[in-house]
Each structure stands twice: as structure tokens, then as C-alpha cells.
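See below for the structure under consideration.
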Amino acid sequence: MVNAFRIALFVLLAAPPAAHAADASITSRDVPLVGARSPAALDVPQRFDMVGLHWRGSGTVDLRTRSEGGRWSPWRPAAPEDEDRPDAGAPETSRPGWRLGNPWWAEGSNRLEVRMHGRVTRVRAWFIATPSARIPLRSVSIAGSPVIVPRSSWRADEKIVRAAPRYAPVLRLAVVHHTAGSSTYRPEQSAAIVRGIELYHVQANGWNDIGYNFLVDRYGQVFEGRAGGMQSNVIGAHAQGFNTGSVGVALLGTYSSTRPTPEAERSLARLLAWRLDVGHVDPASSSMIASGGNPRFTPGAGVYLRMISGHRDADFTACPGDSLYARLGALTEAAATSGLPKLYEPVVRGTIGKTVSFAARLSAPLPWTVTVVGPDGSRVARKTGTGDRIAWSWNSASLPAGRYGWTMEGGSSVRPARGAIGRAAPKPAAPRPPLLSGLAASPAVVSPDGDGYADETIVRYTLSERSLVTVTLEDEASLPVAALLANVRQGPGTKSLRWLLDTVEDGRYQLVVTARSDSGRNWRLTTDLIVMRSLRAVRAEPPAFSPDGDGLGDTIAFSFVIAKAGQVTVEIREQGRPLGLVFSGWLEPGPYAVDWDGRLGDTVIAPGSYEVWVTLSDDIGIVWQAAPFVVLHRQG
């Protein structure tokens, strides 16, 4: 390929351009294998602020970093706490076959040394650049919560989040961690550390998002972690086997021998008190919780846990460090005694049309009320009492089926518990079908650059009556930029129209279809449509190769052309199913080629038909192209 920049697979290092120096970025590089007495050294082409190691084998690895001023850090274990990970079977998994180290804060470093102990077959270093320049940290405070720095303020990269959040039906407990990194950072560095952890968890470990639900720094700043709602039961990736129904809170730093600062302890206690109160969990209680499976507890095993537990209570780990773990009793007492009075463990059992029982516990004897409202919002039942226990059996035999709401209250100073019981009545069928339905554009991302891939889109919709139809494209200001149909009469049925958008500039648009029926009905439908010419000409050359090590046709080149700078990934898929990542990094405009030797981890890919998928993400959206290739293993 003429003037192509060829990316070496085994280095996987694509330095971000200078124009993006203020953004966080992550790159990786394989480390030469050496013994424990001869450290492997890496000179890194650009400055990094955080580093973490992945490795294969039963051995262990240590690391140290050198600052730009020439000072070396102490040797540190790569994974003092490597048990933070998603639940087994969850739709987010760690890199298969790799052991995952922790990300270590090493601001302004340019060199790495690695020592290996025991059997280590491969080591990969992940370098994170996350500038710590002072930025205004906007904070929010929900009713009763400490001041929390939201994701938007610490500049979470929402574009790299792999999937929508998942939720547990109830909150059971809080799990306290430390991140096992530096504990001597400055206040303005905390947001940069959180950004670096997000990059490492998502792009290095392969998780959906940052693993922790909240993070607290040594100065008492609280950061929102995994997205999905700070008051919602978002399932994290912090305590394998116990992520569902827990909230993971991590203190930034290492607290094996260093006690947390008073500021950190105060914020941590207040955060735990508030978040457990939202879930109506008594911080001072304990419960038997079934394990989802991890190296310590088999799936289904009952584990007796405190409602504020350290990570070591649920797995083979020293997390959250001896000093922080020793403070959990004091933190529990502070959380349990702040914000009183509280309502704990609300339970509702039964069905509408029969007896429904309500039960809960109050932190002190108080006047309490249970209220039930019907599907229309009107009150259908109410019970009052006084004491530290709510207990009421309600006979709902005279009521029709439906969705009923309930509230348990202990006065104006207690956070009420709310929920619903019963099923909503089915909605009556619509008397007439919609005039216009089923609008879709396929593909929804169009690349009209003449390379034969997604050059046009197919517009489909269904009419239920004969109508005058108009099909237009509107920009983000709702101004029309192109028209496919203008008041064209069409009969009922599904329509399929080809649209070549070669005169439309790159951007985000709304595809708008309006219909006016002969009977006087009017209808309007819209759908998103993106025009991107950022990526083209994805090829696999040669179309077949044999990675058998005989020196003939052992590699394949995946080539493509970038028209606009963006984050690029190159991955191998089989019938659309992802098998492994070949390249990930920021690329400037130009032609590129990625050489591949047919290996996914330590395994040579099996013979068969595959595709290479190239994906580019920029400020407009995400565009991808695929090219097929065949793996043929020669015999002898």
C-alpha cells in the first residue's frame, strides 16, 4: 500500500495527537519476558500518568516507574488486589486467559521496569495519559447525600462505555474497597485518577464501564462511578460473585498500613449512610447472601456478611487493606447513627384480591402509616400505628385486579419506602391502526463515498391508508436539507425506497416522513440518520492466509482509509460474533494497514471463514465496515 502507516500488532501503541493532549488516552505494549533478577525495561515514546499490567501464567509480576525527573518509584506488585471483576456469566467479562493488575498512579513518568516471578508466559503493559490540570469540579447533593462529583464533572468518557447499565431488584449491602494505587496524590489529581481507572477498566480489562459505583479520595471528595443513577441499584464490577445487589465504594489509594484521612472517613461514612438509607438497609445489620461464584465461594453458597463489608469478606483478597478494614466498625457505627430516624427492610407479600401483608422495621418507636393507592391514584386503604415495627395484613378481596402503589412512612423525618403490587390491567386495543408506522433507515449510518459500502440507505415505512407522503432529511436545527418525496400519493402497505445521499454533508440528521390520508388523518414519524464519510475501503489482503509458521502467507494485512481523525478499533469476528481485538487507538486521517499473524492471545485461529471489523468513533457518531477473509492451515 502506498504511503500507508503500518501498525505493529505486538506494540499496539498509537500516541494521541498533540491536539488532543488534554484528553485522557490509553495505549498498550507487550513487555519482553525476563527473569526476576533481570528486570524488563521499556522506554515509552510519550509521557504517561498511570500504568497497569496484564499477564498470563501462574507467576506474579512487579513494576516500578521512572518520572521525567529521573526518580524511580518503589517496586510494587502489579496486582495486590486482582479480585475486582464482574460476576461470572455477566454480559461483561474480563480478558480471557489474562490476569489483571491494578492501575498505579505514576504522574509524569516515561519509563517502566517489570520483574517476573514464577511462570509468566506473556506480559502486557497499559499506559494511561490523564492530565491532572485543575478543572472546576461541579458537585451535586441529592436529599441526604454528601456532595458528589458527577461523571460529567470528572469528564467520564461516555463514548467508550460498552453497554447500558444493569440493575438489581434490591440493595443488600455495601462493599468497601481501596484501589491499591498511590495514596499521596494532590486534590486536583483525584479526577484524573478516576478518569484513568475508567479507561483501564473499560479499554484494558474489557468491562462495560468503571467497576466501582462510587470513589472517595483522601480529601473527602466523592465521585460518581458506574453510570446508571446514583440512587439506583446499578450492578458494578467490583466484587465477583457479589456485584448484584451491592454498592461498591472504593477509597483512592492503598491502605494496608496507612490509615485513611479523617476527611476520607467522614465522607465515606456519610456516603454509606445515605446510600444504604436509599435502599432501606440497616448499616449495622448482617445477612446470609448467596454467592454468584468466585475463587473463594462456589455459586449458591450462603455467605454471612455485614451490610458494610470489606472486599476480603467476600473473596481471597487483602482489600481494602488492613488499616481501612480495621476502621469498618467505626464507619458502620457512624453510618448507622447518622441521619436517624430510618426505615429498614420493607417487605410486601401477597396478591391483589387476597390478603396482602406489609412489614418493616424502624430505628426507633415512631408513628407510622401504610397507604395503598389504586390504579387511578386514589387512596383505597390506609393503616396507622406506633412503634418500631410496621405490621399490617390488608384484605384486598373486594378490589379488582390492577397495579396498586404502596407507601410506608414513619413521619416527615424518615425516608419513606415505596413500591407497587399487582399487574396493570391490559390496555384496550386501538380502534384504528396508526396511519404511519415502522419507519426505519437501513443502514442508519450512511457513508456515500463511492466505495460500495453503505453508500445509500433503504427507507422503509408502512401506510394503513391511501395518503399523500413527504420524505425529507432535517438537520439538528430542524431545517430541511434534502427531500426524497414531496406530496406523492401512495396506497396502503409497506414501502421501500432507496436514497443516495451523496449531496448531503457529514452530520447527524432526522429522517422525517409525514402522511396525510384521504380521510383527513395526519401522521409524522422521525428516525435518526447519520452521514459519515470518515472510514472507507476496508480490505483484507490477501483474502486467504495460512498462519502455520512455514514462512509462506503467514500474515494478513487489514487495510483501511481514515478521512477524519477518531478512535479506531480493529477486531476479528465470526458470523458477527466478536473473537478478539487486534488494534485500538486514535488515528489521524490517512491510509493504514494492520498486520496480523493469526493469533488471538496464545492461540492460533482455527481454519474457517471470518470477518475483520473496523470501527471509527468521532464527534458525529460511530461508523464501521467489515471485510471477509479465510484462514487455511497447510499440512506439513
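The values are calculated or read from the model by the stated rules, or taken from the named source; none is laboratory data. Model, not experiment: these values are computed from the prediction. Because the Cβ atoms are built from the backbone with ideal geometry, glycine has one as well, and the counts that use them run over all protein chains shown.
Some points to look at:
- Taking the criterion of being closer than 26 Å to residue 125 by Cβ and either surrounded by fewer than 24 Cβ atoms within 10 Å (Cβ to Cβ) or free of Cβ contacts under 8 Å to residues at least 60 places away in the same chain (or both), the residues of segment 213-224 that qualify are 215, 217.
- The lone criterion from (1) in a strand (DSSP E or B); (2) hydrophobic (A, V, I, L, M, F, W, C); (3) out of contact with any Lys or Arg (no Cβ under 8 Å at 6 or more places or on another chain) left unmet by residue 112 is number (3).
- Taken together, the criteria exclude residue 493 from residues that are closer than 26 Å to residue 628 by Cβ and loosely packed, with under 12 Cβ neighbours inside 10 Å.
- Count of segment 166-188 residues which are surrounded by fewer than 24 Cβ atoms within 10 Å (Cβ to Cβ) and outside any helix (DSSP H, G or I): 13
- Residue within segment 577-597 that is of a type in the set (D, E, K, R), in contact with a Gly (Cβ under 7 Å, 6 or more places away or on another chain) and not in a loop (DSSP other than H, G, I, E, B) present: no
- Inclusion of residue 615 among residues that are over 21 Å from the mean Cα position of the chain (by Cα) and either surrounded by fewer than 15 Cβ atoms within 10 Å (Cβ to Cβ) or closer than 30 Å to residue 475 by Cα (or both) is not warranted.
- Options 232, 246: the member that is surrounded by fewer than 24 Cβ atoms within 10 Å (Cβ to Cβ), in contact with a strand residue (DSSP E or B) (Cβ under 7 Å, 6 or more places away or on another chain) and among the small types (Gly, Ala, Ser): 232
- Within the option set 239, 191, 163, being small (Gly, Ala, Ser), touching a residue at least 12 places away in the same chain (Cβ under 8 Å) and touching a Leu at 6+ places or on another chain (Cβ under 7 Å) holds for one residue only, 191.
- Scanning segment 376-427 for residues that are in contact with a Phe, Trp or Tyr (Cβ under 7 Å, 6 or more places away or on another chain) and not in a strand (DSSP E or B), we see that the one that is modelled with the highest pLDDT is 410.
- Pairing residues of segment 410-424 that are among the polar types (S, T, N, Q) with residues that are surrounded by 12 or more Cβ atoms within 10 Å (Cβ to Cβ) and part of a strand (DSSP E or B), at Cβ distances under 9 Å and at least 6 apart in sequence or on separate chains, gives 413/366.
- Test: residue in segment 189-200 that is touching a Pro at 6+ places or on another chain (Cβ under 7 Å) and in a loop (DSSP other than H, G, I, E, B): no
- Criterion (in contact with a Gly (Cβ under 7 Å, 6 or more places away or on another chain), of a type in the set (Ser, Thr, Tyr) and at pLDDT below 90) met by exactly one of 145, 183, 141, 132: 183
- Inspection of segment 552-566 identifies at least one residue that is surrounded by 15 or more Cβ atoms within 10 Å (Cβ to Cβ), within 24 Å of residue 200 (Cβ to Cβ) and at pLDDT below 95.
- Residue list for segment 601-627, restricted to those being more than 17 Å from residue 555 (Cβ to Cβ), not in a loop (DSSP other than H, G, I, E, B) and not polar (S, T, N, Q): 608, 611, 613, 614, 616, 622, 623, 624, 626
- Candidate set from segment 522-547 (those that are in contact with a Pro (Cβ under 9 Å, 6 or more places away or on another chain) and of a type outside the set (A, V, I, L, M, F, W, C)); member that is surrounded by the fewest Cβ atoms within 10 Å (Cβ to Cβ): 543
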